[in-house]
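Report on one structure; see the data block that follows.
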Amino acid sequence: MTFARVAVRAAAWTMAMGLPALVNPAAMPGQQVLTVENIFGSGDFQGQSVSVRWMPDGRHWSTVEADSLEHDELWQVDARTGEREKLVSAAELMVAGSEEPLAIEGYSFSDDGRRLLIFSESQQVWRARTRGRYYVFDFPTRRLFPVSSTEGWQMFAKFSPDARQVAFVRDNDLWVTDLGSGEERRLTSDGSETIINGTTDWVYEEELSLRDAFRWSPDGSRIAYWRFDQSPVRTYWLVDVLPLYPELQGVRYPKAGEANSLVKVGAVDLASGATTWFDTGSGDGYLARMEWAASSDQVVIQRLNRHQNQLDLLLGDARTGQTSLLFSERDDAWLGANGDLRWIDDGRAFTWTSDRDGFTHVYLYDRSGRMIRQLSRGNWDVTALDGVDEAKGDVYFTAAAESPLTRSVFRAPLSGGDVVRIAGGRGTHSAVFSPDFSLFTDTYSSIGSPPVTVLRQVSDGAQVRTLADNAELSRKLEALDLREPEFFTISAEDGTPLNAWIIKPRDFDPGKSYPLLLYVYGGPGSQTVRDAWGGSRYLWHQMLVQDGILVASVDNRGTGARGREFEKQVYMRLGQLETADQLAAVRQLGDLPYVDSSRIGIWGWSYGGYMALMTSLIGGRQVAAAIAGAPVTSWELYDTIYTERFMRTPAENPEGYSIGAPLSHADGLQGDLLIIHGTADDNVHPQNTLRMIYELERAGKQFDMRLYPGQRHGVGGRTLSVNLYEMMTDFLHRTLLVPTPRPADPPESPWLGR
């Protein structure tokens, strides 16, 4: 359904109800309007971006650009002047027997810059193109050759430190190619459907962000790697209904309380081919991170227990496999893997982040595990550690220091001292530093303005030049005459202030009564209320406002950038405080004189779909309409690492699992409900929606549902995106643009806000 047809239908409903017709901007001659088609289908509002990949000299970055025939070429850009030089032409990317040059889907330089590793000819595997073929381009000889001539896809290939070898994963085994002789060697030999070497199983990839699971030692003599035995993990079967006879696709998926893969870390010696396994204990936990410890004889391993409330940092000897404990972090709720360990001073010290003082900050440790000092301090969270400049003795990080709504970039001395802001203020800033820390790119946006990327000097933050200004998109937005969202706060049941925003139409009339839609995600550590550009989703919200529906969002308790206590109070009771806060928002927004409390809806996807379901089922008639995209409907159906981090196992926390399951509250549905799911979703399985349907039907409830065959956790591509958002727009027009009699408030649920 096109935007125009949706608008006509909405106008017909209002007239049928005897109400004044909504003024639709689409009917106003000459005025630019937003439509589902021009937001998601045409690319009219697609922004400009620049991807900076710094080169080792710190003065240039590289970029892939298409020639006149749409063939990829690699260019070098002078950071300060913008002068460009072609590094590799399309003609040099011709492979013997091929009619077209290679497409550069990924690339990396050797440490000395003399060789280039190119990823191409990839194959879609579940959610990412991780399998393909790798080629080496040698700059001195201008020669291109494959890493392997053997059949089979390669994964995660990378140069040895001296660039004489390339290691990669094929068929769940580790291989290495000598680039001089072309000889391939298989370093592991037990790879199979159940045994994985050098890459990870599904749950480590999804919840610990690990895919590339091997590391070259600094001297190139060893490779440390993860080995997974998936045999204890049961298979979840997805059904591909599109072939003539449906086919099964199996995913080894450990659900909450079930068995995980058996995991260990070892180091293979390339000279002997022997692997030494590290002693990481026999507990049922996770080996969440592993890196060489600024040494070719030692690795550092992060070990999380199964409850994920203790994180041990282990130092392992690659010659013997023995490990020693450097220190442990413990928490009454949960801890995550720490991605902020940076070795400095030739491995004598390292950086670390922790929320042990109530907020996430940067710390400095020595190699023995003794804390040297805390480098940042205050009632605000560090959200990213951006780098360490050893030469000048500074650490750089991004933090929500001014407000949870913003992000700024800071410098702090490793020796201790004042923290200095080098980019920030209003909006959201993110930085990418040059290797020599002389320059950095600053990409910033605000809630009503698309991203701008500028080049700055590290020394004083002064702007050198603009790299991408999104001027054309900004002009288009200006022509729309949109009203920027307003930030405000509401109160949780216990009085906690909750950050929120609301979008009103340009011709907002406080004397009118508008329907309102809440947009929610709400999961631990997340945020939807940020002073940051929201892209296509933001524009769709603005389109709904043009149609006459106010749109708002509230960050409930448990969301991020407000310290440990605010986030971790949802421990063992996912969905409870969050739902209470969203219903508090429904009531307080409904009390505003210009909001029709009988026409308040809520929508979200993934955790947001879960929250939309919970809020509509618990809220009863307070919620007129809800859209739940790919929702979890019981935490027993979700994976071990994510679920148990916040809820422990079903056996340990049966009450929390029961109360926090939409399946337990099907009889509470009073408003309209639309559930959406992809049939090939390997993350939140379609089983969640099918069970929800079963419970709703048993409770005698009517609802709408849309399945997307072959789609995974999101619905992708322009055609399907237009289809999805037209369908959701139609649903919201049908359910929110037509007033209904105001119901009596339902009784309070006894657990809300407890």
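The values are calculated or read from the model by the stated rules, or taken from the named source; none is laboratory data. As the structure is a computational prediction, the values presented were derived from the model and not from experiment. Please note: Cβ atoms are built from the backbone with ideal geometry, for glycine as well, and neighbour counts cover all protein chains shown.
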Review point. How many residues are assigned to a loop (DSSP other than H, G, I, E, B), touching an Asp or Glu at 6+ places or on another chain (Cβ under 7 Å) and free of Cβ contacts under 8 Å to residues at least 24 places away in the same chain if we restrict to segment 159-200?
Key: 2
Review point. Got a number for residues in segment 392-416 being over 15 Å from THR441 (Cα atoms) and either in contact with a Gly (Cβ under 8 Å, 6 or more places away or on another chain) or modelled with pLDDT under 95 (or both)?
Key: 8
**Study point:** All positions within segment 484-507 that are surrounded by 14 or more Cβ atoms within 10 Å (Cβ to Cβ), assigned to a loop (DSSP other than H, G, I, E, B) and in contact with a Leu (Cβ under 9 Å, 6 or more places away or on another chain)
**Key:** ALA492, GLU493, LYS504, PRO505
Point to revise | Positions within segment 605-647 being more than 23 Å from the chain's Cα centre (by Cα) and either surrounded by fewer than 23 Cβ atoms within 10 Å (Cβ to Cβ) or of a type in the set (A, V, I, L, M, F, W, C) (or both), in sequence order | key: LEU617, ILE618, GLY620, ARG621, GLN622, VAL623, ALA624, ALA625, ALA626
**Study point:** Filtered residues of segment 128-147 (kept if at pLDDT 95 or above and surrounded by fewer than 19 Cβ atoms within 10 Å (Cβ to Cβ))
**Key:** ASP138, PHE139, PRO140, THR141, ARG142, ARG143, PHE145, PRO146
Exercise for review: Check off (1) surrounded by fewer than 22 Cβ atoms within 10 Å (Cβ to Cβ); (2) touching a Ser or Thr at 6+ places or on another chain (Cβ under 8 Å); (3) of a type in the set (A, V, I, L, M, F, W, C) for VAL520 and give me the number that stays unchecked.
Suggested key: (1)
Study note, to complete from the structure: If we ask which residues in segment 369-401 are among the basic types (Lys, Arg) and either within 20 Å of GLN457 (Cα to Cα) or assigned by TED's automatic domain parsing to the domain that holds VAL299 (or both), their number turns out to be 1
Review point. What do you reckon, is GLY369 within 26 Å of LEU313 (Cβ to Cβ), touching a Phe, Trp or Tyr at 6+ places or on another chain (Cβ under 9 Å), touching a residue at least 12 places away in the same chain (Cβ under 8 Å) and not in a loop (DSSP other than H, G, I, E, B)?
Key: no
**Study point:** Of all residues making up segment 59-110, the number that are of a type outside the set (Gly, Ala, Ser) and more than 19 Å from PHE145 (Cα to Cα)
**Key:** 19
Practice item. Kindly provide the set of residues from segment 410-451 that are in a loop (DSSP other than H, G, I, E, B) and small (Gly, Ala, Ser), ordered by number. Key: SER415, GLY416, GLY417, GLY424, GLY425, GLY427, SER434, SER438, GLY448
Exercise for review: Collect the residues in segment 309-364 that are of a type in the set (Lys, Arg) and either buried (at least 18 other Cβ atoms within 10 Å of the Cβ) or under 29 Å from the mean Cα position of the chain (by Cα) (or both), keeping them in residue-number order.
Suggested key: ARG330, ARG342, ARG356
Check your understanding: Can you pull out the helices (runs of 4 or more DSSP H) entirely within segment 590-687 that have at least 2 residues that are over 14 Å from GLY522 (Cβ atoms) and in contact (Cβ under 8 Å) with a residue 60 or more places away in the chain?
Key -> 640-647, 654-659
Review point. Here are some conditions: (1) free of Cβ contacts under 8 Å to residues at least 24 places away in the same chain; (2) surrounded by 21 or more Cβ atoms within 10 Å (Cβ to Cβ). GLN542 meets all but one. Which one does it not meet?
Key: (1)
Point to revise | Residue ranges of strands (runs of 3 or more DSSP E) in segment 64-123 with at least 3 members within 32 Å of the chain's Cα centre (by Cα) | key: 72-78, 106-109
**Study point:** Filter result (of a type in the set (Lys, Arg) and part of a loop (DSSP other than H, G, I, E, B)) within segment 212-256
**Key:** ARG234
Revision key, fill the gap. Within segment 29-54, the residues that are more than 26 Å from the chain's Cα centre (by Cα) and aliphatic (A, V, I, L, M) are VAL33, LEU34
Revision key, fill the gap. Picked from segment 443-470 (must be more than 25 Å from ASP44 (Cα to Cα) and in contact (Cβ under 8 Å) with a residue 24 or more places away in the chain), the residue surrounded by the most Cβ atoms within 10 Å (Cβ to Cβ) is VAL458
Practice item. Would you be able to say whether some residue in segment 568-591 is crowded, with 18+ Cβ neighbours inside 10 Å and over 24 Å from GLY668 (Cβ atoms)? Key: yes
Point to revise | strands (runs of 3 or more DSSP E) wholly inside segment 261-307 that include at least 2 residues being over 26 Å from the mean Cα position of the chain (by Cα) and under 24 Å from GLN230 (Cβ atoms) | key: 262-269, 275-277
